[in-house]
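Some notes on the structure that comes next.
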Amino acid sequence: SQANYQRPYVVFDPNSVTQIRLHSQHKDRVKFLIDNNHLILYLQPQVNLNQAIVGYEVLARLTDPDSSQVLPPSDFIPIVEKYQWHVLFSRKLLEKVLALLSDWPTGLANVPIAINLSGPELLDDVFFEKVLRYFTENPSLRDSLKLELTETSVLSSHLETKRRLNLLANVGAVIIIDDFGTGHASLSQLIDMSASVLKIDREFVNQIEQSERHRKIVNITLELAKSLAMETIAEGVETPAQAHLLQQMGVRIFQGFLYGKPAPVSYWSSKKSN
Ligand code: C2E
Ligand code: CA
Ligand code: CA
Ligand code: CA
């Protein structure tokens, strides 16, 4: 900064002290918000070729009661991970998700919801057993909750995580590989992952018009999914042109700002669908 440039011999950098203080304030804030029930669920719709809603993805937010500011995951997931608050965070999230599932608001499309997992939460016995119980206790509800994990998080995860994912898949849980194409899964690892849906990452959707390489990767991914009898979802669809291209390439389920930004449950349940 300017100040440092003018005083090159200052060892004690006031900027980094401020950074540390800001960081620790932010860290405390995040913890406070999670502890005090300021975690809220945003939903983003997924649509089919007729633009009918066929699913929602749950995207977590923290709301600050003082500023009524809404914090996106990029502001708190890294902190949750750094300080290993997964257990705390995931239990709260699951509580909200199960409450939503058991008391589905009228007006909200009657479709499955998908939650994002980063992997380690499955090692929490309380979390895992709750999810397992959800799937075993009411077989007719199996299709209502899906689990998204990134390619990277599954591959780098603990053996026990993989074992538990397999157990969940065996009782009917739908496992979605998120951000497909951005990790480094090999074919055999992919087949091992007990997933039944591949989610094409926004990065590829973004570039699909301009870049032949990205188009090719999407095509290969779609072929791969087809030959493994997996479903595909394209995320981050922003323009009709992207949707059109994806549709021509064989995509049947779409998610992105073109159809709706993530919004609170109340927004979607008060929106007159159809
Ligand atoms: P993700 O799972 O890949 O989620 C998709 C992200 O893309 C969301 O960002 C969504 O708002 C954004 N998005 C959707 N459509 C569009 C589009 O058309 N254009 C653009 N530019 N962006 C779009 P968000 O909500 O900020 O979430 C970011 C990431 O945070 C998620 O990426 C997910 O990895 C993570 N995350 C969110 N909620 C949770 C959670 O409850 N648990 C865990 N472990 N991770 C979460
Ligand atoms: Ca996701
Ligand atoms: Ca994704
Ligand atoms: Ca992504």
> Of the residues GLN242, GLN189, which single one is out of contact with any Ser or Thr (no Cβ under 8 Å at 6 or more places or on another chain) and within 16 Å of ligand 4 (Cβ to nearest atom)?
Replying inline: GLN242
>> So if I check each of SER269, SER211, SER227, which one is within 19 Å of ALA114 (Cβ to Cβ) and of a type in the set (Ser, Thr, Tyr)?
In response: SER269
> Within segment 90-107, is there a residue that is buried (at least 20 other Cβ atoms within 10 Å of the Cβ), at pLDDT below 95 and in a helix (DSSP H, G or I)?
Replying inline: yes
> Among the residues of segment 245-259 satisfying the criterion of being among the polar types (S, T, N, Q) and outside any strand (DSSP E or B), which is nearest to PRO112 (Cα to Cα)?
Replying inline: GLN247
> Picking from GLY172, GLY183, which residue would you name as being of a type outside the set (A, V, I, L, M, F, W, C), within 16 Å of ligand 1 (Cβ to nearest atom), without any contact (Cβ under 8 Å) to a residue 60 or more places away in the chain and touching a helix residue (DSSP H, G or I) at 6+ places or on another chain (Cβ under 6 Å)?
Replying inline: GLY183
>> Only one of THR106, THR161, THR136 is under 18 Å from HIS86 (Cβ atoms) and of a type in the set (S, T, N, Q). Can you tell me which?
In response: THR161
>> Restricting to segment 15-46, count the residues that are of a type in the set (S, T, N, Q) and surrounded by 15 or more Cβ atoms within 10 Å (Cβ to Cβ).
In response: 2
> Within the group GLU129, GLU148, GLU137, GLU121, which residue is charged (D, E, K, R), within 16 Å of ligand 4 (Cβ to nearest atom) and either surrounded by 16 or more Cβ atoms within 10 Å (Cβ to Cβ) or more than 20 Å from LEU41 (Cβ to Cβ) (or both)?
Replying inline: GLU148
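So which of VAL205, VAL197 is within 30 Å of GLU160 (Cα to Cα) and within 16 Å of ligand 3 (Cβ to nearest atom)?
VAL197
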> For segment 175-244, list the helices (runs of 4 or more DSSP H) that sit wholly inside it and hold at least 1 residues that are under 19 Å from the mean Cα position of the chain (by Cα), within 15 Å of ligand 2 (Cβ to nearest atom) and modelled with pLDDT of 95 or more; which are they?
Replying inline: 202-207
> Are there any pairs, at least 6 apart or on different chains, whose C-beta atoms fall under 6 Å, with the first in segment 227-255 and within 18 Å of ASP179 (Cα to Cα) and the second of a type in the set (Gly, Ala, Ser) and within 16 Å of ligand 2 (Cβ to nearest atom), and if so, which?
Replying inline: MET230/SER196; GLY236/GLY256; VAL237/GLY256; GLU238/GLY256; LEU246/ALA234; VAL251/ALA234; PHE254/ALA234
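The values are calculated or read from the model by the stated rules, or taken from the named source; none is laboratory data. Please read all numbers here as calculations on a predicted model, not as lab measurements. Using ideal geometry, Cβ is built from the backbone for each residue, glycine included, and neighbour counts are taken over all protein chains shown.
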